[in-house]
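Before any comments, here is the structure.
The values are calculated or read from the model by the stated rules, or taken from the named source; none is laboratory data. What you are looking at is a predicted structure, and each value in this text was computed from that prediction instead of being measured. Cβ: placed from backbone, ideal geometry, glycine included. Neighbour counts: every protein chain shown.
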Amino acid sequence: MSLVPAVCFVLFLSIPSFGFFPEYEHLGDNETREIFTPWLIDTEYQSDKLSYSLPFDWHDQWLRSDNAFQYSAGSLGPTRFMTRGRMKLRKKITERLFLQLSYVDRGDLEDHRNAMIFELGYQVLSKMSLHLYGQPESLKSKDDVGLAAEWSFNKRNRLRMFHTWVDFSHNKRSEDQSRYNEPPRSYGLVWRQTSETGGFQEWSLRHDTKAVREFTDVLRTYGYQGLFVDGKGRMSLGADRGWLQFHGEWGRLFEQDTLNTDRGVSAWDLDRMSFWLQHSHNSWLIPLYGLKFTHYEWSSSGGSVIHTNWMPHLWYPIFAVNDGEVQHKGRLGYEVAWHKGQGPKALRGINDFDERIEHRMNFRYEIAFTKTTRMLFLLSFDMDSLEDSPWEGGNMQFTADF
C-alpha cells in the first residue's frame, strides 16, 4: 500500500513528521503482512528496537526544519534490518502555494512501510491552509490520495486533520480478480508543539476503517482494521534538573484471511502498547538513563500469545574530541531486558522464552559535522555470551538539514 499525488489544503504551514508520519500511515497488504506473526519475534527483539532508536533531540530538529533527512538501519539478525528513514523537501511556489516531497521507510519484524508522498498546499488564511497529497505506484490499483487541513494557533502550535482514501481506484484498475466490498480509509489528527528551549510534543490519533477485500477466483476474503494513539515529547525540568523525554504508543488491530491461514489461524486480534521514559542531564554522573515497557497480546482461535518486556538502560560518556569544527564523541550504553512470553508453543518462536533476563552493552560513536548534521555508529554486544559469540549487531544513523 502507499499514497498517491494530489493536493491537500491545510490551515497554515504544516510540518509533517512523526515517529514516522502519522498523517501518511495506514494499514494495507504490506503493512499487515507480519503484524500477526508472533513467532517471528524473539526474546531480544524489543531490546534491539530500543538500542537502534533515534535520539529524542533528533525529533525536535526534524520538527523545526522544512528540509531534512534522517535514517537509521540496525541489524535484527542474519536476514533483517530495522529501518527508520524519513525525508521532507519543501519548495515555495508562490506566496500562498507550496509543494512538498516526503519519503518514509519503516521496517522491522512487525510491519513495513515504504512510500514517496507528493503534497500540494495552499494557505487560505493567515493561520490556515489546505492540502492534497498522495503517492503513485506502478500498479495503479495501489494508489492512495488524501486531503488535510492544518491550523496554526501560534508560531509553535499546529494541528493537522487528515483523511486518506487507500487504494482508491482498486476496484476499477486491479490486475487480479479482487475488489473491495468495504474500501479502506484512514483518518485522524496530529498536534505538534515546539519550544524555544528545544522541547517539543507530538500527539496523534489514527483510525483505519474496516476494509474487506474479496478474491473471486480463489474464494478468499481478506479484511483488516486498526486504531492507533501515539505521543512523544521532550520537556525541560529546569537548568539544574535536565530534560524529561517520553514516547508512548497504543494500538488495536484486527486481520482475517479466510484462505491463507497462519499456523492454522485465520483471524487475529492484536493489542500492543509501549511506554518509554528517559531523563537526561549533561552535567550529571549518568547523563542519560531511562526505562521502556512494552506489552503485546495476539489473540486468535488457536490461542493467545503475550509478550511483556521491561528494559532499564543508561548511557555514559567516555570521550569527546574536537577536530576543528567537527566533534567526535564516544558513549557506552548498558541495557537489561526482562522478557516474559506466554502462549502455545506452536504460535511462538524458537527463541521466545517463557521468562528470561538479557544484558547488553552498546558502544556508540558520534561524528557531529555541524549542529544539525550528525552520524552515529553503534556496536552491540550480548553480555550473556561473552565466552561464545558476544557480537549482537550494529546500527548506523544519520541526520541532516538542507
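Going by what's in this entry, would GLU202 be described as assigned to a strand (DSSP E or B) and in contact (Cβ under 8 Å) with a residue 60 or more places away in the chain? Even if it seems obvious, please write down each step before you answer.
Values: assigned to a strand (DSSP E or B): yes; in contact (Cβ under 8 Å) with a residue 60 or more places away in the chain: yes.
When the stated conditions are applied, GLU202 passes them.
Out of the residues in the stretch 211-242 that are farther than 23 Å from TRP165 by Cβ, in a strand (DSSP E or B) and without any contact (Cβ under 8 Å) to a residue 60 or more places away in the chain, state the one that is nearest to the chain's Cα centre (by Cα). Explain how you work it out, then say what you get.
Here is the first cut: in the stretch 211-242, the ones farther than 23 Å from TRP165 by Cβ are 217-220, 231-242.
Now restrict to residues that are in a strand (DSSP E or B): 220, 231-236.
Restricting the remaining residues to those that are without any contact (Cβ under 8 Å) to a residue 60 or more places away in the chain gives 220, 231, 233, 235-236.
Details: ARG220: 31, GLY231: 12, GLY233: 15, MET235: 21, SER236: 24 Å.
Here the residue is GLY231.
Tell me whether the stretch 143-151 contains one or more residues that are over 17 Å from GLU214 (Cβ atoms) and either surrounded by fewer than 21 Cβ atoms within 10 Å (Cβ to Cβ) or of a type in the set (S, T, N, Q) (or both).
Of all residues in the stretch 143-151, those over 17 Å from GLU214 (Cβ atoms) come to 143-151.
Cutting the leftovers down to either surrounded by fewer than 21 Cβ atoms within 10 Å (Cβ to Cβ) or of a type in the set (S, T, N, Q) (or both) gives us 147, 151.
Among the residues of the stretch 143-151, at least one is over 17 Å from GLU214 (Cβ atoms) and either surrounded by fewer than 21 Cβ atoms within 10 Å (Cβ to Cβ) or of a type in the set (S, T, N, Q) (or both), which makes the answer yes.
Only residues that are at pLDDT 95 or above and among the polar types (S, T, N, Q): list them for the stretch 236-251, please.
Result: GLN245, single match.
Check PHE254, PHE275 and return the single one that is among the aromatic types (Phe, Trp, Tyr) and surrounded by fewer than 16 Cβ atoms within 10 Å (Cβ to Cβ). Don't jump to the end; show me each part of the working.
On the way: PHE254 fails: surrounded by fewer than 16 Cβ atoms within 10 Å (Cβ to Cβ).
Within the list PHE254, PHE275, the selection yields PHE275.
Can you tell me which residue is nearest to LEU270 (Cα to Cα) among those in the stretch 183-230 that are of a type in the set (S, T, N, Q) and at pLDDT 90 or above?
Here the answer is GLN225.
Just give me the residues in the stretch 108-129 being touching a strand residue (DSSP E or B) at 6+ places or on another chain (Cβ under 8 Å), surrounded by fewer than 19 Cβ atoms within 10 Å (Cβ to Cβ) and aliphatic (A, V, I, L, M), in sequence order.
Within the stretch 108-129, MET116, VAL124, MET128 meet the criteria.
Here are some residues: LEU132, LEU101, LEU109. Which one is under 30 Å from TRP39 (Cβ atoms) and touching an Asp or Glu at 6+ places or on another chain (Cβ under 8 Å)? Write out each step before concluding.
On the way: LEU132 fails: under 30 Å from TRP39 (Cβ atoms); LEU101 fails: under 30 Å from TRP39 (Cβ atoms).
Result of the check over LEU132, LEU101, LEU109: LEU109.
Restricting to the stretch 176-207, what's the tally of residues that are within 23 Å of TRP151 (Cα to Cα) and acidic (Asp, Glu)?
So the answer is 2.
Select from the stretch 152-165 the residues that are at pLDDT 90 or above and either part of a helix (DSSP H, G or I) or among the hydrophobic types (A, V, I, L, M, F, W, C) (or both) and write down the one among them that is surrounded by the most Cβ atoms within 10 Å (Cβ to Cβ).
PHE162
Might you let me know whether the stretch 210-229 holds any residue that is crowded, with 19+ Cβ neighbours inside 10 Å and within 30 Å of TRP315 (Cα to Cα)?
Checked against the condition, which is being crowded, with 19+ Cβ neighbours inside 10 Å and within 30 Å of TRP315 (Cα to Cα), the stretch 210-229 yields no hits at all.
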